[in-house]
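Report on one structure; see the data block that follows.
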Amino acid sequence: MTGTEPTARRVLRPPAGYRLAASVQALTFSPYDPCARVAAGVFWWATRTPDGPATLALRPVGTDLLAEGYGPGAGWVVARADAVAGLRDDLAGFVALASGHPVVARLAAQHRGLRMPATGQVFPRLLRAVFEQKVTGKEAYRAYAATVRHFAEAAPGPARLLLPPDPAAVAATPYWVFHPFGVEQRRAETLRRAAAVADRLERCADSAEATRRLTAIAGIGPWTAAEVVRIAYGDPDAVSVGDFHVPNTVAWALAGEPRGDDARMLALLEPFRGHRGRVCVLLAAGGVQAPRYGPRMPLRSFARF
């Protein structure tokens with residue numbers, strides 16, 4: 001940890017009703033995320049920038065939002081603070097689309113202060129998304145947190161956060177190092193392949209290019225790519241095709257059907273094209289869940305194998 005005083009500041013003016021915690025929740029894996037968290041109403045986010053390590057603090061001050069940056073990359077994160085806060089999120093046309101379905105219209109009104117963030121950074125979200133592939137949330141968080149702590153590089157500023165792992169260090173780490181974290185060879189090798197081309201991924205011009213480059217990496221499919229570009233680019237149309245729960249949630253919310261597959265989900269979301277991912281975000285924010293049948297997926301450990 002270096003420097004307890006910010007070296008860059010900027011005042012942001014969110015729209016009326018803006019909700020910081022709801023908007024940045026997607027940038028934290030849990031309340032205990034070692035790289036990002038909300039504490040006492042302030043959002044803290046540690047990252048690596050082209051200018052070096054940085055920590056961004058987003059602090060509500062009256063109706064304004066004060067962005068403060070720490071570390072060598074302070075200027076970079078403060079310049080991007082409005083995007084990280086979701087204030088560049090473009091809702092043009094969404095109200096009209098939402099009005100076409102009563103559930104979506106209700107959720108859009110209830111959560112009108114929620115904005116979709118855009119970090120401009122691919123690899124930190126990709127790290128988490130690879131660990132989330134086909135496992136429970138608890139397993140994924142355990143692997144993510146253990147990996148961040150294994151590389152353990154303190155972020156600048158007073159918040160006692162850790163930086164996301166350096167992609168070069170991840171690429172150089174043998175797959176079996178991730179084994180005690182609950183990560184089998186398949187996901188570890190996928191992560192290492194992605195880390196090896198992280199520089200190219202970060203240079204993508206937009207969500208479409210990033211999706212193409214991501215899905216060209218063995219082990220990364222449409223689900224993982226959508227999870228990444230929705231956060232890195234704030235893509236409101238990114239739908240997580242292949243998710244275990246989302247097709248059922250969409251089918252239940254939009255058609256009253258307790259189960260749905262990807263084809264049915266996409267058909268139901270088609271009227272909202274351009275904002276299909278936003279609809280899924282609103283369903284999650286509203287706590288909408290399809291009826292559950294059968295046992296939960298068991299927690300597993302790969303550490304002994």
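Quick note: the coordinates plus some simple rules give every number you see, no bench work behind them. Predicted, not measured: the structure shown is a model, and the values here were computed from it. Neighbour counts run over all protein chains shown; Cβ positions are idealised from the backbone, glycine included.
Measure off 7 Å from each Cα along the Cα-to-Cβ vector at A79 and D206, then give the distance between these two points in nanometres to one decimal.
2.2 nm
Using a simple charge model, +1 on the beta-carbon of Lys and Arg, -1 on the beta-carbon of Asp and Glu, nothing else, what dipole does segment 123-205 show about its Cα centre, in debye to the nearest 20?
Dipole about the Cα centre, nearest 20: 200 debye.
Using the basic label-point model (7 angstrom from Cα toward the beta carbon), what is the V42 to E184 distance in nanometres?
Distance between the two pseudo-spin positions: 4.3 nm.
Want the number for A169 to Q110: 0.36 nm per residue separation, take away the alpha-carbon distance, what's left?
My answer for the length gained is 16.9 nm.
7 Å from Cα along Cα→Cβ at both D199 and R273: what's the point-to-point distance in nm?
With each label point 7 Å from Cα toward Cβ, the separation is 3.9 nm.
Among D51, D82, D89, which comes first, second and so on when ranked by fewest other beta-carbon atoms within 10 Å?
Exposure proxy ranking, most exposed first: D51, D89, D82.
Among Y141, Y175, Y233, Y293, what is the fewest-to-most ranking by other Cβ atoms within 10 Å?
Y293, Y175, Y141, Y233
Distances over 28 Å make up what percent of all Cα-Cα pairs in segment 158-305?
35 percent
Using only the alpha carbons of segment 1-126, determine the length spanned along each of the three principal axes and report them from longest to shortest in whole angstroms.
Principal-axis extents of the Cα atoms in segment 1-126, largest first: 51, 34, 25 Å.
Over what distance in Å are the Cα centres of segment 1-72 and segment 129-159 separated?
19 Å
Using only DSSP helix segments of four residues or longer, with each worth -39500 (n - 2.57), what per-residue ellipticity at 222 nm results for the chain after dividing by its residue count and rounding to 500?
Here the helix-only value at 222 nm equals -11000 deg cm²/dmol.
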